[in-house]
Amino acid sequence: MLEVTPFDGQITCIKTASPLGGQAIMWVYAYLVEDVLFDAGCANTISELQKCIEKHPVRRVYVTHNHEDHYGGCAAFVPEADVFAGPTTLESLHKPDPLPQFFQWVWGETKPVKKAQKFEEPSISVGKLNFEVVDLSGHCEEMFGFWEPKKGWFFSADAVPLPSRKQMAMPEENIPQMITRMKEIHDLDVKVLFDGHRGPIPNPQEHIETRINYLSQLQTRVLSMAEEGKTIPEIKIELGFPEPWYLPNTEGRFEIEHLIRSLLEDSV
Ligand SMILES: [Zn+2]
């Protein structure tokens, strides 16, 4: 599935998802500014993306991080566009990681993009706009955001969790670092946060604060349980978070235990 929505006259939101019963399983956003695309959507929509670029030409693609819902669509844009990514993400673009069957269904099987290149510049120009490249590691080992201070636009990928009360995590997520990154974004004068899954969020301060406060309070709670001598499985039982139906299908990629472990052991 693919939907195109203009925002503010200057940005085109390209939403992609796989359908389930006519509904999107989970939208992921790519954002087009002039002919530069931030993220590329999921692999299941490559043929729709190829049709989309007939109307909306793309010359450069910047991939924020190496999760397949954000880079799986890259193959739709070559050879017309140059694809750029950070060093770790680039490895996945060149040789995508094998996916559990569940994610092949949810996002599609990612094709390699051999000609993808490394970007190391501290900023990128798009016409008259100048985007600072911002380190957003925390959601995963390497993630970059793009900040345009004059406009107050922040392309934040997955730096701010979609749920207000995050209850599970991936093994690569560093939650204390994620909290720090959200505080850094919060301290900027962001007018619109361009979130990877929720879409554009005008005046996002409250949205970000809710997630900082929840995760900080959860960390305090989890640390005090550990001080009482409770183990991670015991803390999980005490928290009582419900397990969504699809959790076993993720083959360990999402777990409540990953969230608890990160809150206990990871440092910023
Ligand atoms: Zn992600």
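Quick notes on this structure:
- Of all accessible heavy-atom area on the stretch 11-117, the percent that carbon and sulfur account for (1.4 Å): 50 percent
- In the chain, helices alone account for a calculated mean residue ellipticity at 222 nm of -9000 deg cm²/dmol, with every DSSP H run of four or more residues adding -39,500 (n - 2.57).
- Listed residue (Ile185, Phe254, Ile201) projecting farthest to the positive dipole end of the stretch 182-268, Cβ model: Ile201
- Lys-Lys pairs in the stretch 136-242 that are eight or more residues apart or on separate chains and whose Cα atoms lie under 25 Å of each other come to 9.
- Considering only Ser125, Ser164, Ser137, the mean-square fluctuation computed in a Gaussian network model of the chain, springs between alpha carbons under 10 angstrom, is largest for Ser125.
- Selected from Asp135, Asp195, Asp187 as most flexible by GNM, with the chain as the system and alpha-carbon contacts under 10 Å: Asp187
- Contour excess over end-to-end distance, with Cα ends at Trp245 and Val78 and 0.36 nm allotted per residue: 56.4 nm
- Cα-centred dipole magnitude for the chain, charges only on beta-carbon of K, R (+1) and D, E (-1), debye, nearest 20: 600 debye
- With respect to the chain, whose longest principal axis is taken over its alpha-carbon atoms, helix 205-227 is tilted by about 30°.
- Proximal charge balance of Val61 [Cβ under 12 Å; K/R count +1, D/E count -1]: -1
- Distance from the alpha carbon centroid of the stretch 123-157 to that of the stretch 185-207 works out to 12 angstrom.
- Partner lysines whose Cα lies under 26 Å from the Cα of Lys95, excluding those fewer than 8 positions away in the same chain, are identified as Lys15, Lys51, Lys111, Lys114, Lys115, Lys118.
- Average accessible surface for the chain: 47 Å² per residue, computed with a 1.4 Å probe over protein heavy atoms with every protein chain in place.
- What the Cα atoms of the stretch 57-170 give is an Rg and a Dmax of 14.7, 43 Å.
- Taken about its Cα centre, the stretch 30-76 carries a charge dipole of roughly 140 debye when the Cβ of each Lys and Arg holds +1 and the Cβ of each Asp and Glu holds -1.
- Between Gln117 and Gln217, the FRET efficiency from the beta-carbon distance, with R0 = 41 Å, is close to 0.45.
- Helix 175-187 and the long axis of the chain differ in direction by around 60°, with both axes built from C-alpha atoms.
- Tilt relative to the chain, helix 256-265 - C-alpha long axis, 0 to 90 degrees, to 10: 80 degrees
- Lys191 paired with Lys51, simple spin-label distance in nm, labels 7 Å along Cα-to-beta-carbon: 3.5 nm
The values are calculated or read from the model by the stated rules, or taken from the named source; none is laboratory data. Predicted model only: the values in this text are computed from it and were never measured. Positions of Cβ are backbone-derived with ideal geometry, glycine not excepted, and every protein chain shown enters the neighbour counts. Heads up: the accessible areas ignore ligands, DNA and RNA and are worked out on the full protein's heavy atoms, side chains in. Shrake-Rupley method; radii C 1.70, N 1.55, O 1.52, S 1.80 Å.
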